[in-house]
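Data block below; observations after.
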Amino acid sequence: MDFSLSPEQLLIKDSVARFAAEHGEGKHEDHWPTFAELGWLAIGAPDELGGFGGPIETLLVMEQFGRGLVVSPYVAQVVLAGTILKDAERSDLLEQLAEGKHRFAVAYEEPHARYDAASVDTAATKTADGWTLRGKKVRVLDATSAGTLIVSARTEDGVGLFAVPADAAKLSLEKYPSEDGYDVADVTLDGVSVGADALLGDAGDGLAILEKALDHATAALCAEALGLCSLMLEATVDYTKQRQQFGVALSSFQALQHRMAEMYIELELVRSMAYLAAMTLEDGADPAARKRGISAAKAQIAKSARFIGQQAIQLHGGIGMSEEYKVGHYFKRSTLVERLLGDRDYHLGRYVALRGAAVAEPVPV
Amino acid sequence: MDLAFSPDERAFRDEVREFIATHLPDDIRRKVQAGDPLEKDDYYRWHKILFDRGWAAPGWPEEFGGPGWDSIRRHLFYEEFAYGWAPRMLPFGLNMVAPVIMEFGNDAQKQRYLPKILSGEEFWCQGYSEPGSGSDLASLSTKAERKGDAYVINGTKTWITAAQWADWIFVLARTEPNAKKQEGISFILVDMRTPGVTVRPIVTIDGGKEINEVHLENVVVPVENLVGVEGGGWTYAKFLLEHERTGTAGIAGCRQMLNQLDELLERENIHDRRLAERIAEVDIELTALAFTELRVLAAESAGKRPGPESSILKVKGTEIQQAITELALDAGGPYFEVPLARRYYNYRKTSIYAGSNEIQKNIIAKRILKV
């Protein structure tokens, strides 16, 4: 057993950390080509496309993005869309993604689905030369900058995934900001026609491919949460050491020391679960074990991150409420990450359904 | 990064599993499974079986007759105890006084005490806490006065597990009454058969009789029973506590209790969504802690000394243990089952012993967060 990082992994971690330190909080859309040049968009892609690494490398990138509050569409693009394209064996499209030339958005969630990817009413009807899609998708991440939407839709064989040009006729986007300013949109498909080659993989394989990609993306969010939480705790400890009240540093009060110790314990659980999520994916576990591992991670992280975030605001006092000060920005991003791709209740429910008897081994190694 | 156990480690685990399955006496296994109290002879018989196999002292280096295992193997070994319903090994001799004697004792002491701890021939207990000194251990008032070639000890020690069975007790006593609080404390080994030593049982809220008060009244102890130097006791005491804190997460034991809880739900045909979710949350947190423990172990096996990170394991591990006993109690519903209640009451001790969880949070704040 060895938790140390390889020289290559340290290099990625350092270069992302440097970027985050240099450019600071923001979306950094204009740096997307830089991400491609540095190879970050090819993480997880097959070797022949210049790809390298996997879930652990993704974790290292996302943790540093979290620490720097770099809110890039990395998860939506590289992890979510990238994993779908890889598993659907569409290296033509994946290559464009990895080179930063073309962007994708995954439109899977429906109005009343509450995170459940299997709840698909959008229909794909076979036509003479392709498919017609009809339905509605909500909260699609990174939709407005995408050239192609990957849409899940029900076919005669199950659920299929379709690559749909964002400018297709009878497709409309309704863009709105999420609470931390992230770009999301609702998508309406009102009889959109696509060619036969729009189908990614087979017409009945879409759900399995989508659920796996969502698990990869969820693991990446867990890593982002790790970065966010670690920074919130550090900021809180630093602040209480500097802030003087009653003639002494706030950090000298035991009530606050214990609270910060509790935040630290929760942070270590977040760190463990972020790594466990990545490991579960590295193992290539069977779908049930994979879902169970990812849901355990997300449910735990959602709980711990909420505690750390709320206490970070509380211990900062008034300044924590100020929009000018950074800790509130981290708190808001963390609150969003908690709920993206399934909140605590959703993942707890999925875990309960898959739990069965308690597993005999401490961790799936 | 390689997070799997090596083939050797897996083979080792299988070997331990097989050994426990075939060598642990059935009557002892049944008691542990049911949470019934064990007798001295139960502990002794199991210790003897392990001793004959060379496994009685997992934490000891080879030069003193230990197997020389690294932290990963020790972890796997103890985990298998829980999975196989083996009794825990009483730590007072093996994991508390022995490391202190190895580190700070003289050769005569090493030869006199260690072999009998290893063989299980002599039982030990711990003389740390006093009625007036719990978390603030350095405030202890038991006195050891030097008179010629002996110390005369007077005082009361309390919360002492297994004192009723013990042949020896290691005592922290004040040898220099005018020194500063942490100074002037010495670490002295006392034969329980010495005149003036009396043991009084303390019945706990679960009805258990595990712990005792030990009175020391004009107990005369030869000076050669002093470990290390006079006044060095506080340093040795802290060294001992660091050893005690490692491996307190009790992951496998929690897994076993969760399994029992699942069996209870199945047997009683209980289908309660809220209960299922509460159990799942504890199960998930246990997984997170198990992984955290592996991170700590991996750091230790890479040569890092056990540090304040073990406080996380202690706090969270005991919180989870308590949460499971609480869930079991609630799962019983109106059928307030006595064994479940007994365990629930008993496990309240876990957040108090081995440095209360509040003390652990002080340690995390001071030594990790540096506030």
Extreme residue, farthest from A:LEU276 (Cα to Cα), among residues of the stretch A:4-22 that are within 14 Å of chain B (Cβ to nearest Cβ) and surrounded by 15 or more Cβ atoms within 10 Å (Cβ to Cβ): A:ILE12
Any hit, the stretch B:28-36, residues being under 20 Å from the mean Cα position of the chain (by Cα), surrounded by fewer than 17 Cβ atoms within 10 Å (Cβ to Cβ) and either among the hydroxyl-bearing types (Ser, Thr, Tyr) or not in a helix (DSSP H, G or I) (or both): yes
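Does A:THR83 fit the bill of being buried (at least 22 other Cβ atoms within 10 Å of the Cβ) and in contact with a His (Cβ under 6 Å, 6 or more places away or on another chain)?
Judged against the criteria, A:THR83 is a match.
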Residues located in the stretch B:248-277, provided they are part of a helix (DSSP H, G or I), more than 19 Å from B:THR350 (Cα to Cα) and either within 7 Å of chain A (Cβ to nearest Cβ) or in contact (Cβ under 8 Å) with a residue 12 or more places away in the chain (or both): B:ASN259, B:GLN260, B:LEU261, B:ASP262, B:LEU264, B:LEU265, B:LEU275, B:ALA276, B:GLU277
Looking only at the stretch A:155-176, and only at residues there that are among the acidic types (Asp, Glu) and over 18 Å from A:ASP87 (Cβ atoms), the one that is surrounded by the most Cβ atoms within 10 Å (Cβ to Cβ): A:GLU174
Members of the stretch A:179-196 that are modelled with pLDDT under 95 and not in a strand (DSSP E or B): A:GLU179, A:ASP180, A:GLY181, A:TYR182
Helices (runs of 4 or more DSSP H) contained in the stretch A:55-100 and holding at least 1 residues under 18 Å from A:SER152 (Cα atoms) and of a type outside the set (Asp, Glu): A:82-87, A:91-98
Residue within the stretch B:345-356 that is over 19 Å from the mean Cα position of the chain (by Cα), aromatic (Phe, Trp, Tyr) and more than 9 Å from chain A (Cβ to nearest Cβ) present: no
Breaking point among (1) in contact (Cβ under 8 Å) with a residue 40 or more places away in the chain; (2) closer than 23 Å to A:LYS332 by Cα, for A:ASP238: (1)
Residue within the stretch B:103-116 that is farther than 24 Å from B:VAL223 by Cα and of a type outside the set (Gly, Ala, Ser) present: no
Residue list for the stretch A:229-262, filter: part of a helix (DSSP H, G or I), within 10 Å of another protein chain (Cβ to nearest Cβ), of a type outside the set (D, E, K, R) and more than 20 Å from A:LEU59 (Cα to Cα): A:THR236, A:VAL237, A:THR240, A:LEU250, A:SER251, A:SER252, A:GLN254, A:LEU256, A:GLN257, A:HIS258, A:MET260, A:ALA261
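Looking at B:ALA299, B:ALA280 in this structure, which one is modelled with pLDDT under 90, farther than 30 Å from B:ILE202 by Cα, in a helix (DSSP H, G or I) and within 8 Å of chain A (Cβ to nearest Cβ)? Step through it out loud before you land on a result.
Values: B:ALA280 fails: modelled with pLDDT under 90.
After applying the criteria, what remains is B:ALA299.
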Condition met for B:TYR128 (surrounded by 19 or more Cβ atoms within 10 Å (Cβ to Cβ) and farther than 24 Å from B:GLU210 by Cβ): no
When residues of the stretch A:44-92 are limited to those that are among the hydroxyl-bearing types (Ser, Thr, Tyr) and touching a Gly at 6+ places or on another chain (Cβ under 9 Å), the one nearest to A:LEU210 (Cα to Cα): A:THR83
Counted residues, the stretch A:293-313 - those being in contact (Cβ under 8 Å) with a residue 24 or more places away in the chain, more than 8 Å from every other protein chain (Cβ to nearest Cβ) and surrounded by fewer than 24 Cβ atoms within 10 Å (Cβ to Cβ): 3
Set B:ALA4, B:ALA57, B:ALA11: member being free of Cβ contacts under 8 Å to residues at least 24 places away in the same chain, of a type outside the set (Val, Ile, Thr), over 29 Å from B:THR325 (Cβ atoms) and more than 14 Å from every other protein chain (Cβ to nearest Cβ): B:ALA11
Test: residue in the stretch A:220-228 that is touching a Lys or Arg at 6+ places or on another chain (Cβ under 7 Å), away from every other protein chain (no Cβ under 14 Å) and at negative phi: yes
Residues that are part of a helix (DSSP H, G or I), more than 8 Å from every other protein chain (Cβ to nearest Cβ) and either of a type outside the set (Gly, Ala, Ser) or closer than 20 Å to B:LEU3 by Cα (or both), drawn from the stretch B:302-318: B:SER310, B:LEU313, B:LYS314, B:THR318
Selection count where residues are surrounded by fewer than 18 Cβ atoms within 10 Å (Cβ to Cβ) and assigned to a helix (DSSP H, G or I), scope the stretch B:84-103: 2
Residue in the stretch B:234-247 that is in contact with a helix residue (DSSP H, G or I) (Cβ under 9 Å, 6 or more places away or on another chain), of a type in the set (Asp, Glu) and at pLDDT 95 or above present: no
Looking only at the stretch B:156-181, and only at residues there that are small (Gly, Ala, Ser) and under 18 Å from the mean Cα position of the chain (by Cα), the one that is nearest to B:LEU90 (Cα to Cα): B:ALA162
Residue selected from the stretch A:1-54 under the condition aromatic (Phe, Trp, Tyr) and either in a helix (DSSP H, G or I) or under 30 Å from B:ARG74 (Cβ atoms) (or both), by the criterion modelled with the lowest pLDDT: A:PHE3
Residue match in the stretch A:281-289 (condition: assigned to a helix (DSSP H, G or I), within 10 Å of chain B (Cβ to nearest Cβ) and surrounded by fewer than 20 Cβ atoms within 10 Å (Cβ to Cβ)): yes
Members of the stretch A:119-138 that are among the charged types (D, E, K, R) and surrounded by 22 or more Cβ atoms within 10 Å (Cβ to Cβ): A:LYS137
B:LEU369 within 12 Å of chain A (Cβ to nearest Cβ) and either surrounded by 19 or more Cβ atoms within 10 Å (Cβ to Cβ) or more than 30 Å from A:VAL237 (Cα to Cα) (or both): yes
Candidate set: the stretch A:263-280, residues that are within 8 Å of chain B (Cβ to nearest Cβ) and of a type in the set (Ser, Thr, Tyr); chosen: the one surrounded by the most Cβ atoms within 10 Å (Cβ to Cβ): A:TYR275
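Just checking, how many residues over the stretch B:60-83 are in a helix (DSSP H, G or I), away from chain A (no Cβ under 14 Å) and not aromatic (Phe, Trp, Tyr)?
So the answer is 2.
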Residue in the stretch B:204-218 that is in contact with a helix residue (DSSP H, G or I) (Cβ under 9 Å, 6 or more places away or on another chain) and part of a helix (DSSP H, G or I) present: no
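The values are calculated or read from the model by the stated rules, or taken from the named source; none is laboratory data. Note that the coordinates shown come from a computational prediction; the quantities given were computed from them, not determined experimentally. Glycine also receives a Cβ, built like all others from the backbone with ideal geometry; neighbour counts cover every protein chain displayed.
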